[in-house]
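Participant: This is the structure, below, for whatever I ask next.
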Amino acid sequence: MKPLAAVLLVAALGACPRPPPPPAPPKPSGPPKRDVGPLLPLGWLDDRVGAGDAATRPDGEKDYALRVRLSGDVRALVLYASDATGESHGAEVWDTLTGSDRIPPSWHLPYADGKVTWALAVFDSSDKPLNAAVRLDRTTFADETVTLYAADTGRVRFVTGRTYTLLVQRSDGTVDRSTTTIL
């Protein structure tokens, strides 16, 4: 057999090794993805937070719960009564701000700081509180689901037809939002 014929015969039978696959592309670098998933009303669940600015302890009344998926850095969370477009509607505000923490005027909320709003309790997917002292430490989430609890003495705020918006303040001051209507 001639050498060229032998090479062609070996290639035709598949005995020649294939070239190695190309190397995997490098993983993207840079800041983590920022995202806010849909705000999902869960209804009246456990008693996790009391009324007022400094009460992350239970007060004996079940609280209204909502769930949301977060990605990226988070400095603060603010839940407020709104219309379907996210414009503030009424004076109901729950947040992870306290005392003199400023509420930027660009948010168009009825208050200038955290001392007159009510505490928003935040729990991770393993039911661990993330803000036992009301203020949420700057946190980075990687596509994680959290449950938010808001006190409502008398159960008059979270009723069918009411709309709420969640603001997610990022470490650079930018804000993402998610809005839901209770059905």
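Participant: Identify the single condition in (1) more than 17 Å from the chain's Cα centre (by Cα); (2) modelled with pLDDT of 95 or more; (3) in a strand (DSSP E or B) that A84 does not satisfy, given that it satisfies every other one.
Facilitator: For A84, the failing item is (3).
Participant: Name the residue that is farthest from L79 (Cα to Cα), counting only residues in segment 133-180 that are in contact with a Gly (Cβ under 7 Å, 6 or more places away or on another chain) and surrounded by fewer than 19 Cβ atoms within 10 Å (Cβ to Cβ).
Facilitator: Residue satisfying both the conditions and the ranking: T140.
Participant: So which of D59, D53 ends up being touching a helix residue (DSSP H, G or I) at 6+ places or on another chain (Cβ under 6 Å) and either surrounded by 14 or more Cβ atoms within 10 Å (Cβ to Cβ) or at pLDDT below 90 (or both)?
Facilitator: Within the list D59, D53, the selection yields D53.
Participant: So, one more: Check off (1) surrounded by fewer than 12 Cβ atoms within 10 Å (Cβ to Cβ); (2) hydroxyl-bearing (S, T, Y); (3) within 22 Å of T180 (Cα to Cα) for S100 and give me the number that stays unchecked.
Facilitator: (3)
Participant: Would you mind finding the one in P26, P32 that is exposed (fewer than 14 other Cβ atoms within 10 Å of the Cβ), more than 14 Å from R162 (Cβ to Cβ), modelled with pLDDT under 80 and within 18 Å of the chain's Cα centre (by Cα)?
Facilitator: Of the residues listed, the single one that is exposed (fewer than 14 other Cβ atoms within 10 Å of the Cβ), more than 14 Å from R162 (Cβ to Cβ), modelled with pLDDT under 80 and within 18 Å of the chain's Cα centre (by Cα) is P32.
Participant: Filter segment 114-132 down to residues that are crowded, with 19+ Cβ neighbours inside 10 Å and polar (S, T, N, Q), then give me how many there are.
Facilitator: Here the count works out to 2.
Participant: May I pose another question? Residue under question is L97, and the condition is that it be under 19 Å from the mean Cα position of the chain (by Cα), under 14 Å from V168 (Cβ atoms), outside any helix (DSSP H, G or I) and touching a residue at least 60 places away in the same chain (Cβ under 8 Å); does it hold?
Facilitator: Criteria not met by L97.
The values are calculated or read from the model by the stated rules, or taken from the named source; none is laboratory data. What you see is a predicted model, and the numbers here were worked out from it, not measured in a lab. Neighbour counts are summed over all protein chains in view; Cβ atoms, including those assigned to glycine, are modelled from backbone coordinates with ideal geometry.
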